[in-house]
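Asks: What follows is a single structure, and I will ask about it in a moment.
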Amino acid sequence: MSLIALLHWEAVTFVYSFAFIVAYGLLTSRINTKGLFLDKSGSGGIRPERVQLLIATIALATKYISDVSSAGRTSFPPLDSGWLYLFGGSTGTYIARKVYERFVVS
Amino acid sequence: MANMVTGELLAKACELLACLFLGALGIVLLFEIVTNKIDLEWLISEDNGHASMARFQLLVFTFVIAISFVRLTESAKEFPAVNSGVLTLLGISASTYAVGKGIQKSGETPEQVAPNTPKPEPTTGKKGEADKSNDVKTTSDEGNQGPAHAD
């Protein structure tokens with residue numbers, strides 16, 4: 001086995017094993033996910049901006065991995081402006097709500 | 001000639017040593033995580049014990065980029081150039097986390113204690129007091145009624 005093959009095997013094993021461990025921890029609650037969607041200002045209800053941010057994150061991550069996995073690709077795929085607007089808008093909504101809660105409501 | 005051969009052998013030995021060190025480091029880290037010596041329970045949690053969307057998002061995109069990097073390096077047989085799309089993706093994600101943290105810190109009370117903070121060693125003769133103090137903090141965290149619940 002050449003050194004390059006050994007390094008490749010190490011990198012693949014580490015990254016995929018670590019990703020599996022974290023995913024398993026999230027799914028089995030070994031990693032704390034309590035309150036991920038909840039309102040932290042006291043009411044305890046589910047916040048829509050958190051839910052939409054989670055959906056946008058998972059959608060973009062899936063799309064990106066899918067693009068990378070397409071056959072013959074040897075460089076990082078470009079992100080088109082539509083996805084960037086979607087992700088930026090989603091994140092902006094989340095941050096705007098936090099700013100509003102922190103500086104306007106309280 | 002002999003010096004060249006020795007140099008090449010030394011270089012190969014160093015490369016092999018580096019490979020073995022990285023492999024051993026990876027195995028040790030994974031083993032300690034699996035056996036809970038490295039505790040990941042609060043990986044995406046804030047100081048108040050609640051999970052944070054910004055941390056979760058940063059975690060997801062870090063893995064997405066890491067897996068992409070490994071796959072592309074495998075197919076291209078060289079390190080892929082990092083383009084603006086990757087930088088934008090990680091930039092937005094990291095900025096969300098940083099801004100959220102800034103908002104949280106701007107309203108934080110000094111009494112907040114992270115759930116994973118190691119408990120202080122009880123001093124001799126004051127064990128009861130130390131336990132009582134810890135109990136109060138835990139109850140306060142569970143009640144979660146302070147002003148600083150930015151995430």
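Asks: Just name the residue that is farthest from B:F31 (Cα to Cα) out of those in segment A:1-17 that are more than 7 Å from chain B (Cβ to nearest Cβ) and among the aromatic types (F, W, Y).
Replies: Once the filter is applied, the top-ranked residue is A:W9.
Asks: Tell me, yes or no, whether segment A:23-32 has at least one residue that is more than 8 Å from chain B (Cβ to nearest Cβ), surrounded by 12 or more Cβ atoms within 10 Å (Cβ to Cβ) and in a loop (DSSP other than H, G, I, E, B).
Replies: The answer is no, given that none of the residues of segment A:23-32 is more than 8 Å from chain B (Cβ to nearest Cβ), surrounded by 12 or more Cβ atoms within 10 Å (Cβ to Cβ) and in a loop (DSSP other than H, G, I, E, B).
Asks: When you scan segment B:23-31, do you find a residue that is open to solvent by less than 40 Å² (accessible area, probe 1.4 Å) and in contact (Cβ under 8 Å) with a residue 60 or more places away in the chain, even just one?
Replies: Scanning segment B:23-31 turns up no residue that is open to solvent by less than 40 Å² (accessible area, probe 1.4 Å) and in contact (Cβ under 8 Å) with a residue 60 or more places away in the chain.
Asks: Separate question: Report yes if B:E46 is more than 7 Å from chain A (Cβ to nearest Cβ), touching a helix residue (DSSP H, G or I) at 6+ places or on another chain (Cβ under 9 Å) and modelled with pLDDT under 90, otherwise no.
Replies: Yes; evaluated as a whole, the condition is true for this residue.
The values are calculated or read from the model by the stated rules, or taken from the named source; none is laboratory data. Bear in mind the structure is a predicted one, so any value in this text is a computation, not a measurement. Reconstructed Cβ throughout: ideal geometry from the backbone, glycine too, with neighbour counts over all protein chains shown. Keep in mind that these areas ignore ligands, DNA and RNA; they rest on the heavy atoms of the full protein, side chains included. Shrake-Rupley method; radii C 1.70, N 1.55, O 1.52, S 1.80 Å.
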